[in-house]
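The values are calculated or read from the model by the stated rules, or taken from the named source; none is laboratory data. Computed from a predicted model, the values in this text were never measured in an experiment. All Cβ positions, even for glycine, are placed from backbone atoms using ideal geometry, and neighbour counts span all protein chains on display.
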């Protein structure tokens, strides 16, 4: 027991480390603990926002749901860059080439800013039109346009927060990424209620206050990451000359990031279509679905932590010319994921009504949220393996395969199935909910099949 606590302290304290030697179980633990905490902290932004915003009105919750479904396109870019950063930097660390790892970090920053600034400007300009296209009613558009504009303006810090976290994970310094999210979330939880409801001379800003608080917290989190990279992490202490454009590195990272972004754009766009279908059934349904999705994403975070640990282990061990160790690490992570998610699904199914009730007292919202939660958690067993093998392919630099699989499962299966069940067969919202575990299960089975073929072992990054 004492040894276990010592290992836990080491995981939370963190250090730059190569995981190409020694116990695989130890490597998984040291990587996954801070990565799980990091994912929990990132998801807390959405959970905290929904918790406070739900005290304002149903329209406010619908505003967050509709806006976030579009903002996930920004997250897709961020996650794609994070994938490229993890794959590239993990490979350099596995090779022992820390100088090139630092250059790669500099290029991550340049690419992040180059992509996010135009996105922020376009989103700010057309925020109201975006909500209208998403099917928002006039009251939601009136309430949500300012919220959407602030969210889009914060695109640079969102993308940097993700991409720099990916860089730190690739280098084995997951604890630093974790701490940056802790700082950002604590500030969001402090600023959120103050700006939403007002305090003393600070006026109540409503739903716009939630967006401002989140942007402020994330900005300070990025500041912490940059400080850590330049002053604290000795192996990753990149200097300003590393920010000089390096064509070969940029081309390589953009190629990997394009695949990573593409696959998450495909999956994120599918959520937009699902939300659009649900908008046909009213704001209460969108609000219940929004709450359920936030809960689902929050409970999947430990699983994503294990998946990200697998990606880092794959990248580092391929760099060290140890593909067998990389493959064994993936199957270990997947089996641990399965044990966790199957147990969690039972709790989610039984406690669905109570969980949704924490966020809203509205009877219709609770009914929809409970139904969504119970249907979505039925696929947890498949999610366990699917997310690990997909992230492992990304960690190897093979972002093309997951993109194709996402396109098949989400656009060719999930979206048509949701429309047919909900609209044509008149099942309503439950038809949309059923399509999700069906598509995710197909993704898991196809991902396992492709991973076992072993083509990822020869990918060059």
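Structure values in brief
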{"read-out": "Residue within the stretch 63-73 that is under 11 Å from the mean Cα position of the chain (by Cα) and part of a helix (DSSP H, G or I) present", "value": "yes"}
{"read-out": "Listing of helices (runs of 4 or more DSSP H) fully contained in the stretch 380-461 that carry 3 or more residues being touching a residue at least 60 places away in the same chain (Cβ under 8 Å), over 30 Å from residue 284 (Cβ atoms) and touching a helix residue (DSSP H, G or I) at 6+ places or on another chain (Cβ under 6 Å)", "value": "380-395, 400-406, 429-453"}
{"read-out": "Selected residue (only one of 209, 217 is touching a residue at least 60 places away in the same chain (Cβ under 8 Å), part of a helix (DSSP H, G or I), touching a helix residue (DSSP H, G or I) at 6+ places or on another chain (Cβ under 6 Å) and surrounded by 15 or more Cβ atoms within 10 Å (Cβ to Cβ))", "value": "217"}
{"read-out": "Enumeration of residues in the stretch 331-351 that are over 24 Å from the mean Cα position of the chain (by Cα) and in a helix (DSSP H, G or I)", "value": "350"}
{"read-out": "Hits in the stretch 414-430 - residues which are surrounded by fewer than 20 Cβ atoms within 10 Å (Cβ to Cβ) and within 15 Å of residue 289 (Cβ to Cβ)", "value": "427, 428, 430"}
{"read-out": "Test: residue 328 is crowded, with 23+ Cβ neighbours inside 10 Å, assigned to a helix (DSSP H, G or I), touching a helix residue (DSSP H, G or I) at 6+ places or on another chain (Cβ under 7 Å) and at pLDDT 90 or above", "value": "no"}
{"read-out": "Residue in the stretch 40-53 that is out of contact with any helix residue (DSSP H, G or I) (no Cβ under 7 Å at 6 or more places or on another chain), part of a helix (DSSP H, G or I) and modelled with pLDDT of 85 or more present", "value": "no"}
{"read-out": "Condition met for residue 349 (modelled with pLDDT of 90 or more and closer than 21 Å to residue 435 by Cα)", "value": "yes"}
{"read-out": "Pairs where the first residue, in the stretch 238-250, is more than 16 Å from residue 113 (Cα to Cα) and the second is modelled with pLDDT under 80, C-beta under 9 Å, 6+ apart", "value": "238/229; 238/230; 239/230"}
{"read-out": "Some residue of the stretch 207-220 being farther than 22 Å from residue 61 by Cα and out of contact with any strand residue (DSSP E or B) (no Cβ under 7 Å at 6 or more places or on another chain)", "value": "yes"}
{"read-out": "Sole exception among (1) touching a helix residue (DSSP H, G or I) at 6+ places or on another chain (Cβ under 6 Å); (2) within 21 Å of residue 102 (Cβ to Cβ); (3) at pLDDT 85 or above for residue 254, by number", "value": "(1)"}
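Let's see how each residue does on (1) surrounded by fewer than 24 Cβ atoms within 10 Å (Cβ to Cβ); (2) more than 23 Å from residue 143 (Cβ to Cβ):
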| site | (1), (2) |
| --- | --- |
| 251 | yes, yes |
| 256 | no, yes |
| 261 | no, yes |
| 266 | yes, yes |
| 271 | yes, no |
| 290 | no, no |
